[in-house]
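Step one of this worksheet: look at the structure below.
The values are calculated or read from the model by the stated rules, or taken from the named source; none is laboratory data. Since the structure is predicted, the reported quantities are computational estimates derived from the model, not experimental observations. Backbone-built Cβ (ideal geometry, glycine too); neighbour counts: all protein chains shown.
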Amino acid sequence: MGSTTNVFLNNFNASMEQRLYEDLIIESISCFGIDLYYLPRQIQNLDPLYGADDISKYDDAIQLCCYVRSYEAFQGDGNLMTKFGLEIRDQVIFTCSQRVFTDEVERATGLLRPRESDLIYYPLDKKLFKIMYVEKKVFHYPIGI
């Protein structure tokens, strides 16, 4: 006789357990995270050939609590002197709860998720970071979230 899954735990349709797990994640981010400001980009004059906008505006600043995953120092290639001048390549990884992002940012701007080219202001070091990559992969979570 083979082994079956536990009949008392439903990993994919247990909304109460999923909500509890999400609440615990949000609580841990609020305990160990920091307050950042998310600045969504507003395109003013999109060049259809290059797909670029040279005069974007950043009028909104929405406060979010995020967890800093690379906490020891800013990672990346560091500073680089090129023929065009000094290029700073610091990078940092921030993690935000999807529900908190939805509650704060979607309500204010209508955005469902962060976008590349939006900005993050890090008030602790008074630095402004451009979002270069947003993880879009769907992961398998043990409790179905």
Q: For the stretch 69-95, enumerate the residues that are modelled with pLDDT of 60 or more, of a type outside the set (G, A, S) and under 17 Å from D35 (Cα atoms).
A: R69, V92, I93, F94, T95
Q) Within the stretch 80-133, can you find the residues that are without any contact (Cβ under 8 Å) to a residue 40 or more places away in the chain, outside any helix (DSSP H, G or I), closer than 16 Å to I62 by Cβ and out of contact with any strand residue (DSSP E or B) (no Cβ under 8 Å at 6 or more places or on another chain)? A) G110, L112, R113
Q: Kindly indicate the residue of the stretch 97-114 that is under 18 Å from R19 (Cβ atoms) and in contact with a helix residue (DSSP H, G or I) (Cβ under 7 Å, 6 or more places away or on another chain) and also surrounded by the fewest Cβ atoms within 10 Å (Cβ to Cβ) among those meeting that condition.
A: R99
